[in-house]
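The values are calculated or read from the model by the stated rules, or taken from the named source; none is laboratory data. Model, not experiment: these values are computed from the prediction. Heads up, the Cβs are rebuilt from the backbone with ideal geometry, glycines too, and the neighbour counts pull from every protein chain shown.
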Amino acid sequence: MARMNNTSLVETPALQTLRTVFGYEQFRPMQDEVVEQIIAGGDALVLMPTGGGKSLCFQIPALVREGTAIVISPLIALMQDQVAALHQNGIKAAFLNSALTSQQAAEVERQFFAGELDMLYVAPERLMMPHTLSMLEQCRIALFAIDEAHCVSQWGHDFRPEYIKLSILHERFPTVPRIALTATADEATRKEIIERLALDNAKIFNNGFDRPNIQYRISENSGNAREQLYRFIRNEHDGEVGIVYCLSRKRVDDTAAWLSRKGLRALPYHAGLGNEVRQKHQERFLREEGIIIVATIAFGMGIDKPNVRFVAHLNLPKSIEAYYQETGRAGRDGLPSNTWMSYGLQDVITLRQMQAGSDANETFKRTERHKLDAMLGLCELTSCRRQALLRYFGDTLDEPCGNCDNCLSPPETWDATVAAQKALSCVHRTGQRFGVNYLIDVLRGSDADRIKQFAHDKLSTYGIGKEHTAVEWRTLYRQLISHRLLSVDIDGHGGLRLTNESRPVLRGETQLHLRKMTKKLASGKQRSKTPFGKAADTKFWDALRDKRKQLAAEQGIAAYMIFHDATLMEMVDRRPQTLDQLGLISGIGAKKLEAYGDEFLSVIAEYEGTASDDVNDTTDKTIQLLCKGMKPLAIAHERELKLSTIYSHLADAIAQSEVELSDVVDLDEKTLKAIRYEIEQSEEGKLKPVFDALGGEFDYGVLRCVKSHMSSRYS
Ligand code: ADP
Ligand code: ZN
C-alpha cells in the first residue's frame, strides 16, 4: 500500500516524458539505454520480447528530439489503432498508407510540413515512393523507427520485399538516427537485419525472449480435445479474450460454432471466409471485450491487443517458431496469461504426411522435418518447457521456470522398452503397411473380421498387448512416431514403417523412457474469474470496466486505449480519492488524467462504501482509512473503537508490510533510534519497561508499531 519513494533526483527529459505523457514511473530494463542512444543520435537494433515495451523505445525519443519521427510499420491495419492510442496520450501523430483517400493524405502532408506532427507512421511501400522521400527531405526528421524489422529476412515467415529497400534511408538521411525493432530475431535474422538495413554502427540491445507472464501447457488429446478446451476456457478464462488456433478451415468453423452453442462468444477467422467477414471479426476482436477468435494461422500477424489472456492450440503447430509466435500473442500487457495446447496421434501423422508429400525441394523438406521434430520434442518433454523453448532460440534460463505444466506438476516417466518392442514388432509382423488402429486391434487381440482375413490372429504379436488400453497404445504409437522410431506412409493411409532408429530398441539394445500415458487429464490450476478475491472488489472492477467501455464506445476506439487492465486493477487496489492520487497510478499520464480523471473518480466514490461493507476484516477497514490520510486517533473516533485497538490493527499491518511505519507514526530518526534501543534492551521485548524508560512520552500503540516494524525487518 505504501508507495515506495523511488523518484530519481535527476529527471532527464526522457524520464520526464515517460512520467508526464505516458504516466509510467520508471523505464523498464534496457528501455532507458535505448532511448538515450537514439536521443544522442545513434542507431540501435532492439530485440525485445513481445510486450517488452518496444514502442516507448522510439516514442520517447520522438518526443524529445526535434522534428517528426517516421515510424515504418508493415501493418497497415494497425496503424490507425496505434495512432489513436497515441492521441489518447495527447501526442500528435498521423499515418500515411493506402487506406487514406487522397484528401486525407493531403491533410496529413500539410500537418507534416507545418511541423505539427511528433510521429508519422508510414507503410514501407508508401515511404519508398519518390514523392514521400522528397517530402521527408524537406523537413526535420527526428528519427526513423523500423518496426517488425525481421520482415527484411527472406528466410523468415513474414518477409516483405519492400523492407529490403529500406537501406536507402541510410543513404539519403545519413544523419538521422535509426532504430530497428523486433521480437523474433534469432542469430541469423539478426545478422540479416544489420546487413540489409546497413545498421553496422548500431548498438545492439538484446533483452532475450522470455515471456515470464505466460504459462505453457501442452496436453494429450485423447479424443475429447474440444471438451477439454471448453473446460479450460470456462474454468480459467470465462469472459476473457482469447485465440484458438486450428489447422484447417473446417475445424475452425466447427469449433467456433460449437463454442458458440456452448454459450461462449467465439468467432471464426480463416482465409476462406471472404475479406469482409474476416475484417469484421478481427475488428470485433480488437474493439470488443471478451471475444474468442477461432482461427487458422492466417490470423494474428501484428495483433497487438494487449489483454489476450489465453492462446489455445487444438492442433500441433509446425515448428517451435510458429508455436512461440502464436502463443506470444497472449499477455502483451504483462499480466498472467495462459497457453494451452492439445495434440494427439492424428496431428503427428497429418503433419508428417503433409511434409513428406509436399513438392518442395529436399533441402527445404529436411529443414521442415527438423523443425517439426523439435516441436514434437517439446511436446514429449518431461522437463521445464520454458528452458527448452529458450534454448531453442539460443537463450538460457538457469533454473526451471515454475510456470509451465512440467514445472507445476512434474510428469512421470516409465520404462516403455517392452511395450515399444511389442508395438514395433507388431508393425513388422503385419508387413509395415497398417495404420495405428489396426495395429492396436492386433495387439489387443480383437476378433475383427479383417484381422482374420489377413490371418493376423495367428501372429505371435496377436493379443500380447492386453495390459494397456487402446488409448495408451495410441499414446505410445504417437511417441514412437515423434521419436522417429516409426515413419508414416505418405500415400495417405497412415501405414507405419520401421526406421533405422527402431532396430536397437527391437533388439533390446536401447531402453526407452517415455512420458507416462496420462490417465487423468491434467487440468490447470483453478483461477478465479476475476483477479480479486472479494466480491465487492469484483463489482467495483466491473464498474470500472463499464466506464472504460462507455468512454471507448463514445470515441469508437478500443477499450484498452482508454486504460489498460493493469491500470484499472491498480485503481481497485489503491482506491485513489483525488486527481493527484489518481495521477500516481501507472498508465495515467497528464492527458488521460485530464480527460478521464473525474469520470473514474466518481465511479470510485460510488463504490467507496460497498468495499468496506464487504470487508469484514476490521484491520482492512482501519488500513483503508489510514490510506485516506486519517491519523490513528481520527480513525478511532470514526470507527468508535479504542485507540489501542486501532494501533493493534496497524501494528499487524506493519508486520505484514502492508503499510509503512512512517504512514502510522510521525517520529524523527533520532527518536526512533532511542525507542528501538529501549526495545532491544527490554527483556523478551516487553513494552512496559520501554514505556517507563522513555518517561511515558509515547503511547503503547506507537511502541507496538515500532516493535512490529523491527521484527518485520529483522526476521
Ligand atoms: P512491444 O511492442 O514490445 O510488444 P509495447 O510497446 O506494446 O510492447 O508495450 C507493452 C506494454 O507495456 C504496453 O501496455 C506498454 O504501455 C507497457 N509499458 C511499456 N513500457 C513501460 C514502462 N516503462 N512502465 C510501465 N509500462 C510500460
Ligand atoms: Zn518450467
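In the set (1) at pLDDT 95 or above; (2) within 16 Å of ligand 1 (Cβ to nearest atom), Arg332 fails one condition alone, (1). Mind listing just one residue for me: the one in region 8-31 that is within 22 Å of the chain's Cα centre (by Cα) and without any contact (Cβ under 8 Å) to a residue 40 or more places away in the chain and, of those, nearest to ligand 2 (Cβ to nearest atom)? Per the criteria, the residue is Arg28.
Checking each residue in region 451-498 for being over 25 Å from Gln353 (Cα atoms) and outside any loop (DSSP other than H, G, I, E, B) picks out Ile451, Lys452, Gln453, His456, Asp457, Lys458.
If you check Ser446 against the conditions, is it crowded, with 17+ Cβ neighbours inside 10 Å, of a type in the set (Gly, Ala, Ser) and in contact (Cβ under 8 Å) with a residue 12 or more places away in the chain?
On the way: crowded, with 17+ Cβ neighbours inside 10 Å: yes; of a type in the set (Gly, Ala, Ser): yes; in contact (Cβ under 8 Å) with a residue 12 or more places away in the chain: no.
The answer is no for Ser446.
Scan region 116-165 for residues that are out of contact with any strand residue (DSSP E or B) (no Cβ under 6 Å at 6 or more places or on another chain) and either of a type in the set (Lys, Arg) or in the same structural domain as Phe299 (by TED's automatic domain parsing) (or both) and the total you get is 3. Taking first residues from region 186-205 that are over 15 Å from Glu321 (Cβ atoms) and among the charged types (D, E, K, R) and partners that are at pLDDT 95 or above and not in a helix (DSSP H, G or I), the Cβ contacts under 8 Å between residues at least 6 apart in sequence or on separate chains come to Lys203/Gly42; Lys203/Asp43; Lys203/Ala44; Lys203/Leu45.
Is it true that some residue in region 420-430 is within 14 Å of Arg217 (Cα to Cα), away from ligand 1 (no atom under 16 Å from the Cβ), touching a helix residue (DSSP H, G or I) at 6+ places or on another chain (Cβ under 7 Å) and in contact (Cβ under 8 Å) with a residue 60 or more places away in the chain? Taking every residue of region 420-430 in turn, none turns out to be within 14 Å of Arg217 (Cα to Cα), away from ligand 1 (no atom under 16 Å from the Cβ), touching a helix residue (DSSP H, G or I) at 6+ places or on another chain (Cβ under 7 Å) and in contact (Cβ under 8 Å) with a residue 60 or more places away in the chain. Somewhere in region 609-629, is a residue surrounded by 14 or more Cβ atoms within 10 Å (Cβ to Cβ), farther than 30 Å from Arg545 by Cβ and at pLDDT 85 or above? No, that holds for no residue.
Taking first residues from region 156-184 that are within 16 Å of ligand 1 (Cβ to nearest atom) and at pLDDT below 90 and partners that are of a type in the set (A, V, I, L, M, F, W, C) and not in a loop (DSSP other than H, G, I, E, B), the Cβ contacts under 8 Å between residues at least 6 apart in sequence or on separate chains come to Asp158/Cys151; Ala183/Leu47. Filtering region 51-68 for residues that are among the basic types (Lys, Arg), within 29 Å of Glu192 (Cα to Cα), assigned to a loop (DSSP other than H, G, I, E, B) and in contact (Cβ under 8 Å) with a residue 60 or more places away in the chain leaves a non-empty set. Pairing residues of region 283-308 that are part of a helix (DSSP H, G or I) with residues that are of a type in the set (Phe, Trp, Tyr) and more than 16 Å from ligand 2 (Cβ to nearest atom), at Cβ distances under 9 Å and at least 6 apart in sequence or on separate chains, gives Phe285/Tyr269; Phe285/Phe299. On inspection, Gln432 passes the criterion of being in a loop (DSSP other than H, G, I, E, B) and modelled with pLDDT under 95.
Residue-by-condition table, conditions (1) within 24 Å of Ile349 (Cβ to Cβ); (2) touching a Cys at 6+ places or on another chain (Cβ under 8 Å); (3) within 16 Å of ligand 2 (Cβ to nearest atom):
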site	(1), (2), (3)
Thr413	yes, no, no
Lys422	yes, no, no
Ser425	yes, no, no
Leu443	yes, yes, no
Asp449	no, no, no
Ser460	no, no, no
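Residues that are in contact with a Ser or Thr (Cβ under 8 Å, 6 or more places away or on another chain), crowded, with 17+ Cβ neighbours inside 10 Å and over 13 Å from Leu476 (Cβ atoms) within region 388-424 comprise Leu390, Asp405, Asn406, listed in sequence order. Inspection of region 664-677 finds a residue satisfying the criterion of being closer than 28 Å to Arg574 by Cα, touching a helix residue (DSSP H, G or I) at 6+ places or on another chain (Cβ under 8 Å) and either touching a residue at least 40 places away in the same chain (Cβ under 8 Å) or hydroxyl-bearing (Ser, Thr, Tyr) (or both). Reported count of residues in region 81-107, each being part of a helix (DSSP H, G or I) and surrounded by fewer than 17 Cβ atoms within 10 Å (Cβ to Cβ), is 7. The selection criterion, being within 17 Å of Lys203 (Cβ to Cβ) and modelled with pLDDT of 95 or more, does not hold for Gly90. Scanning region 567-586 for residues that are buried (at least 17 other Cβ atoms within 10 Å of the Cβ) and either in the same structural domain as Glu289 (by TED's automatic domain parsing) or within 16 Å of ligand 1 (Cβ to nearest atom) (or both) yields Thr567, Leu568, Met569, Glu570, Met571, Gly583, Ile585. Criterion applied to Ile194, Ile179 was being among the hydrophobic types (A, V, I, L, M, F, W, C), surrounded by 21 or more Cβ atoms within 10 Å (Cβ to Cβ) and outside the structural domain of Val308 (by TED's automatic domain parsing), and the one residue passing it is Ile179. Could you tell me whether region 65-80 includes any residue that is assigned by TED's automatic domain parsing to the domain that holds Met48, surrounded by fewer than 21 Cβ atoms within 10 Å (Cβ to Cβ), out of contact with any Asp or Glu (no Cβ under 7 Å at 6 or more places or on another chain) and at pLDDT 95 or above? The answer is yes, given that some residue of region 65-80 is assigned by TED's automatic domain parsing to the domain that holds Met48, surrounded by fewer than 21 Cβ atoms within 10 Å (Cβ to Cβ), out of contact with any Asp or Glu (no Cβ under 7 Å at 6 or more places or on another chain) and at pLDDT 95 or above. Number of residues in region 108-121 that are part of a loop (DSSP other than H, G, I, E, B) and of a type in the set (S, T, N, Q): the value is 0.
Restricting attention to region 362-395, and to residues there that are modelled with pLDDT under 85 and assigned to a loop (DSSP other than H, G, I, E, B), which single residue is farthest from ligand 1 (Cβ to nearest atom)? Only one residue fits best here, namely Gly394. Taken together, the criteria exclude Val122 from residues that are touching a residue at least 24 places away in the same chain (Cβ under 8 Å), β-branched (Val, Ile, Thr) and within 21 Å of Lys203 (Cβ to Cβ).
Taken together, Arg172, Arg178, Arg140 contain a single residue that is farther than 28 Å from Val21 by Cβ and either in contact with a Gly (Cβ under 9 Å, 6 or more places away or on another chain) or of a type in the set (Lys, Arg) (or both), which is Arg172.
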